[in-house]
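To start, the structure under review is shown below, and the notes come after it.
The values are calculated or read from the model by the stated rules, or taken from the named source; none is laboratory data. Computed from a predicted structure; not experimentally measured. Note: ideal-geometry Cβ built from the backbone for every residue, glycine included; neighbour counts use all protein chains shown.
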Amino acid sequence: MEEATGATSPRRHRGATSSPPEEPFPIPPRTFLHPAVLLELVIGLSPLAGIAFWHWDIFAVVMLHLLAMAIQGAFLALRAATLSASALRYFGGTDKVVEGAAERKSSPWLVRVVLSCLVIVAIGLPLLLFIAIVAEQFGGKAYAQIRSVDDFWRIVVVSSGAWMPLVVVVVSASSGYLVDMLAPRVAFLRDVLPKPRIGAEWAHLAPDLQAFILVRAHVVLQMIVTVLGVGIGFIFAQGFGVIVVALVLVGLKTAVAVFLQAGAVVDSKQEAGL
(Lines give C-alpha, C1' and ligand atoms only; values in the text may rest on other atoms or scores of the structure.)
Protein backbone atom coordinates (compact mmCIF):
# COMPACT_ATOMS: atom_id res chain seq x y z
CA MET A 1 0.00 0.00 0.00
CA GLU A 2 2.85 2.29 0.77
CA GLU A 3 4.34 1.70 -2.66
CA ALA A 4 1.00 2.47 -4.35
CA THR A 5 0.54 5.76 -2.58
CA GLY A 6 4.18 6.76 -2.81
CA ALA A 7 4.54 6.87 0.98
CA THR A 8 7.90 6.14 2.44
CA SER A 9 8.39 3.50 5.06
CA PRO A 10 9.52 4.98 8.35
CA ARG A 11 11.75 1.97 8.89
CA ARG A 12 13.76 2.93 5.82
CA HIS A 13 14.90 6.21 7.46
CA ARG A 14 15.01 5.14 11.05
CA GLY A 15 17.98 6.76 12.78
CA ALA A 16 18.92 8.76 9.68
CA THR A 17 20.00 12.34 10.25
CA SER A 18 20.34 15.09 7.72
CA SER A 19 23.87 16.46 7.45
CA PRO A 20 24.87 19.58 5.53
CA PRO A 21 26.88 18.96 2.37
CA GLU A 22 30.61 19.19 2.74
CA GLU A 23 32.07 22.45 1.52
CA PRO A 24 34.73 22.18 -1.16
CA PHE A 25 38.29 23.20 -0.45
CA PRO A 26 38.17 27.01 -0.45
CA ILE A 27 41.15 27.30 -2.83
CA PRO A 28 40.64 25.40 -6.11
CA PRO A 29 43.79 23.53 -7.21
CA ARG A 30 43.95 25.45 -10.49
CA THR A 31 44.45 28.66 -8.50
CA PHE A 32 47.99 27.55 -7.70
CA LEU A 33 48.80 27.89 -11.42
CA HIS A 34 47.82 31.56 -11.43
CA PRO A 35 50.76 33.81 -12.49
CA ALA A 36 50.67 35.76 -9.22
CA VAL A 37 50.87 32.53 -7.21
CA LEU A 38 53.66 31.14 -9.38
CA LEU A 39 55.58 34.41 -9.00
CA GLU A 40 55.21 34.16 -5.22
CA LEU A 41 56.54 30.60 -5.43
CA VAL A 42 59.59 31.67 -7.44
CA ILE A 43 60.35 34.57 -5.10
CA GLY A 44 59.94 32.36 -2.04
CA LEU A 45 62.29 29.68 -3.37
CA SER A 46 64.89 32.19 -4.62
CA PRO A 47 67.10 31.72 -1.50
CA LEU A 48 67.68 28.14 -2.68
CA ALA A 49 69.41 29.62 -5.73
CA GLY A 50 71.64 31.54 -3.34
CA ILE A 51 72.53 28.33 -1.55
CA ALA A 52 73.25 26.54 -4.85
CA PHE A 53 75.07 29.26 -6.83
CA TRP A 54 76.39 31.76 -4.27
CA HIS A 55 77.08 29.21 -1.52
CA TRP A 56 74.92 30.97 1.04
CA ASP A 57 75.12 29.55 4.53
CA ILE A 58 72.44 29.56 7.19
CA PHE A 59 73.56 33.01 8.37
CA ALA A 60 73.02 34.54 4.91
CA VAL A 61 69.63 32.87 4.39
CA VAL A 62 68.19 33.89 7.75
CA MET A 63 69.61 37.40 7.44
CA LEU A 64 67.93 37.73 4.04
CA HIS A 65 64.54 36.94 5.58
CA LEU A 66 65.15 39.29 8.50
CA LEU A 67 66.20 42.14 6.20
CA ALA A 68 63.10 41.55 4.08
CA MET A 69 60.94 41.86 7.19
CA ALA A 70 62.82 45.02 8.19
CA ILE A 71 62.00 46.55 4.79
CA GLN A 72 58.34 45.63 5.13
CA GLY A 73 58.32 47.00 8.67
CA ALA A 74 59.77 50.29 7.39
CA PHE A 75 56.99 50.61 4.83
CA LEU A 76 54.46 49.75 7.55
CA ALA A 77 55.83 52.66 9.59
CA LEU A 78 55.55 54.83 6.47
CA ARG A 79 51.90 53.82 6.15
CA ALA A 80 51.33 54.86 9.78
CA ALA A 81 53.05 58.19 9.17
CA THR A 82 50.86 58.99 6.15
CA LEU A 83 47.42 57.86 7.35
CA SER A 84 44.63 60.12 6.17
CA ALA A 85 42.63 62.38 8.47
CA SER A 86 39.60 60.10 8.12
CA ALA A 87 41.71 57.14 9.27
CA LEU A 88 42.97 59.04 12.29
CA ARG A 89 39.41 59.53 13.59
CA TYR A 90 39.58 55.92 14.74
CA PHE A 91 42.39 56.88 17.15
CA GLY A 92 41.21 60.37 18.04
CA GLY A 93 37.80 59.41 19.39
CA THR A 94 34.83 61.76 19.37
CA ASP A 95 34.55 65.30 20.58
CA LYS A 96 33.56 65.61 24.22
CA VAL A 97 32.06 68.63 25.90
CA VAL A 98 33.92 69.67 29.03
CA GLU A 99 32.36 72.55 30.99
CA GLY A 100 30.57 73.86 27.94
CA ALA A 101 33.62 73.76 25.65
CA ALA A 102 34.49 71.10 23.11
CA GLU A 103 37.54 69.09 24.06
CA ARG A 104 40.30 69.37 21.47
CA LYS A 105 41.45 66.22 19.75
CA SER A 106 45.06 65.15 19.60
CA SER A 107 47.14 66.63 16.82
CA PRO A 108 46.95 64.43 13.67
CA TRP A 109 50.71 64.62 13.25
CA LEU A 110 51.23 63.61 16.88
CA VAL A 111 49.03 60.55 16.34
CA ARG A 112 50.98 59.67 13.18
CA VAL A 113 54.32 60.03 14.95
CA VAL A 114 53.19 57.90 17.90
CA LEU A 115 51.85 55.19 15.60
CA SER A 116 55.04 55.18 13.54
CA CYS A 117 57.19 54.90 16.65
CA LEU A 118 55.05 52.05 17.96
CA VAL A 119 55.47 50.20 14.67
CA ILE A 120 59.23 50.73 14.68
CA VAL A 121 59.54 49.49 18.27
CA ALA A 122 57.14 46.55 17.80
CA ILE A 123 58.87 45.35 14.62
CA GLY A 124 62.42 46.59 15.21
CA LEU A 125 63.12 45.24 18.70
CA PRO A 126 62.23 41.59 17.93
CA LEU A 127 64.19 41.80 14.67
CA LEU A 128 67.27 43.21 16.41
CA LEU A 129 67.06 40.49 19.06
CA PHE A 130 66.67 37.79 16.42
CA ILE A 131 69.56 39.23 14.36
CA ALA A 132 71.79 39.15 17.44
CA ILE A 133 70.88 35.51 18.13
CA VAL A 134 71.43 34.47 14.50
CA ALA A 135 74.76 36.32 14.32
CA GLU A 136 75.93 34.67 17.52
CA GLN A 137 74.86 31.18 16.49
CA PHE A 138 75.60 31.15 12.75
CA GLY A 139 77.75 34.23 12.06
CA GLY A 140 81.02 32.38 11.68
CA LYS A 141 83.70 34.01 9.52
CA ALA A 142 81.30 36.44 7.87
CA TYR A 143 80.15 37.87 11.20
CA ALA A 144 83.74 38.13 12.43
CA GLN A 145 84.57 40.48 9.54
CA ILE A 146 81.70 42.89 10.28
CA ARG A 147 82.87 45.93 12.19
CA SER A 148 80.53 48.65 10.90
CA VAL A 149 77.35 49.27 8.95
CA ASP A 150 79.43 49.56 5.77
CA ASP A 151 80.93 46.11 6.41
CA PHE A 152 77.46 44.68 6.99
CA TRP A 153 76.18 46.21 3.74
CA ARG A 154 79.19 45.02 1.76
CA ILE A 155 79.40 41.47 3.16
CA VAL A 156 75.79 40.52 3.91
CA VAL A 157 73.93 42.44 1.19
CA VAL A 158 76.19 43.20 -1.78
CA SER A 159 78.86 40.49 -1.92
CA SER A 160 76.43 37.68 -1.13
CA GLY A 161 73.99 38.70 -3.86
CA ALA A 162 71.20 39.19 -1.32
CA TRP A 163 70.54 42.62 -2.80
CA MET A 164 68.66 41.05 -5.73
CA PRO A 165 65.77 39.49 -3.76
CA LEU A 166 65.79 42.51 -1.45
CA VAL A 167 65.21 44.78 -4.47
CA VAL A 168 62.15 42.66 -5.29
CA VAL A 169 60.92 43.15 -1.72
CA VAL A 170 61.40 46.92 -1.96
CA VAL A 171 59.56 47.10 -5.30
CA SER A 172 56.71 44.95 -3.99
CA ALA A 173 56.32 46.90 -0.74
CA SER A 174 56.58 50.32 -2.42
CA SER A 175 54.14 49.44 -5.20
CA GLY A 176 51.65 48.06 -2.67
CA TYR A 177 51.97 51.24 -0.62
CA LEU A 178 51.44 53.50 -3.65
CA VAL A 179 48.44 51.50 -4.87
CA ASP A 180 46.80 51.57 -1.43
CA MET A 181 47.42 55.32 -1.17
CA LEU A 182 46.16 56.16 -4.66
CA ALA A 183 43.24 53.72 -4.97
CA PRO A 184 40.82 55.72 -2.73
CA ARG A 185 41.69 58.93 -4.60
CA VAL A 186 41.79 57.74 -8.23
CA ALA A 187 38.46 56.67 -9.68
CA PHE A 188 40.01 54.31 -12.23
CA LEU A 189 41.96 52.39 -9.59
CA ARG A 190 39.00 52.39 -7.24
CA ASP A 191 36.84 50.74 -9.91
CA VAL A 192 39.44 48.30 -11.23
CA LEU A 193 41.14 47.04 -8.07
CA PRO A 194 39.25 44.56 -5.87
CA LYS A 195 38.32 45.74 -2.42
CA PRO A 196 40.36 44.19 0.41
CA ARG A 197 38.65 41.35 2.25
CA ILE A 198 38.53 42.34 5.89
CA GLY A 199 36.39 41.46 8.87
CA ALA A 200 33.01 43.12 9.26
CA GLU A 201 34.16 44.86 12.45
CA TRP A 202 36.81 46.72 10.43
CA ALA A 203 34.81 47.37 7.24
CA HIS A 204 33.71 50.85 8.38
CA LEU A 205 37.30 52.09 8.65
CA ALA A 206 39.01 54.27 6.06
CA PRO A 207 40.56 52.32 3.15
CA ASP A 208 44.15 53.25 4.04
CA LEU A 209 43.60 52.15 7.65
CA GLN A 210 42.18 48.84 6.42
CA ALA A 211 45.30 48.39 4.27
CA PHE A 212 47.49 49.24 7.27
CA ILE A 213 45.76 46.57 9.38
CA LEU A 214 46.13 43.94 6.65
CA VAL A 215 49.83 44.71 6.05
CA ARG A 216 50.51 44.71 9.79
CA ALA A 217 48.92 41.26 10.08
CA HIS A 218 51.04 40.05 7.15
CA VAL A 219 54.29 41.32 8.70
CA VAL A 220 53.47 39.81 12.11
CA LEU A 221 52.60 36.50 10.45
CA GLN A 222 55.95 36.50 8.64
CA MET A 223 57.77 37.08 11.91
CA ILE A 224 55.94 34.18 13.55
CA VAL A 225 56.61 31.87 10.60
CA THR A 226 60.31 32.84 10.60
CA VAL A 227 60.67 31.99 14.29
CA LEU A 228 58.82 28.70 13.76
CA GLY A 229 60.92 27.86 10.69
CA VAL A 230 64.21 28.43 12.49
CA GLY A 231 62.96 26.57 15.58
CA ILE A 232 61.73 23.54 13.63
CA GLY A 233 64.93 23.62 11.56
CA PHE A 234 66.99 23.45 14.76
CA ILE A 235 65.16 20.29 15.79
CA PHE A 236 65.90 18.50 12.51
CA ALA A 237 69.40 19.97 12.26
CA GLN A 238 70.54 17.70 15.08
CA GLY A 239 70.52 14.76 12.70
CA PHE A 240 70.78 16.25 9.23
CA GLY A 241 73.03 19.29 9.57
CA VAL A 242 72.62 23.04 9.97
CA ILE A 243 71.60 23.55 6.33
CA VAL A 244 68.23 21.98 7.25
CA VAL A 245 67.42 25.18 9.14
CA ALA A 246 67.62 27.16 5.90
CA LEU A 247 65.62 24.58 3.94
CA VAL A 248 62.83 24.40 6.53
CA LEU A 249 62.70 28.19 6.84
CA VAL A 250 62.50 28.71 3.06
CA GLY A 251 59.96 25.92 2.59
CA LEU A 252 57.67 27.01 5.42
CA LYS A 253 57.66 30.71 4.50
CA THR A 254 57.14 29.91 0.82
CA ALA A 255 54.21 27.62 1.59
CA VAL A 256 52.51 30.26 3.75
CA ALA A 257 53.13 32.99 1.14
CA VAL A 258 51.79 30.82 -1.70
CA PHE A 259 48.60 29.96 0.19
CA LEU A 260 48.05 33.60 1.14
CA GLN A 261 48.51 34.70 -2.47
CA ALA A 262 46.20 31.94 -3.71
CA GLY A 263 43.58 33.03 -1.20
CA ALA A 264 43.92 36.61 -2.41
CA VAL A 265 43.37 35.44 -6.00
CA VAL A 266 40.22 33.56 -4.97
CA ASP A 267 38.95 36.61 -3.06
CA SER A 268 39.54 38.91 -6.03
CA LYS A 269 37.66 36.54 -8.37
CA GLN A 270 34.75 36.32 -5.95
CA GLU A 271 34.71 40.09 -5.65
CA ALA A 272 34.59 40.37 -9.45
CA GLY A 273 31.83 37.77 -9.63
CA LEU A 274 33.92 35.27 -11.65
Keeping to segment 220-265, report how many residues are in contact with a helix residue (DSSP H, G or I) (Cβ under 6 Å, 6 or more places away or on another chain), β-branched (V, I, T) and within 22 Å of I27 (Cβ to Cβ). 6
Quick check: is even one residue across segment 199-213 exposed (fewer than 14 other Cβ atoms within 10 Å of the Cβ), in a helix (DSSP H, G or I) and at pLDDT 80 or above? no
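Give the residue, chosen from V119, V168, that is of a type in the set (A, V, I, L, M) and closer than 14 Å to R79 by Cβ.
The conditions single out V119.
Could you please let me know if M223 is within 24 Å of L118 (Cβ to Cβ) and either at pLDDT below 90 or part of a loop (DSSP other than H, G, I, E, B) (or both)?
On the way: within 24 Å of L118 (Cβ to Cβ): yes; either at pLDDT below 90 or part of a loop (DSSP other than H, G, I, E, B) (or both): no.
Answer is no for this residue.
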Filter segment 1-55 for residues that are acidic (D, E) and surrounded by 10 or more Cβ atoms within 10 Å (Cβ to Cβ); which is modelled with the lowest pLDDT? E2
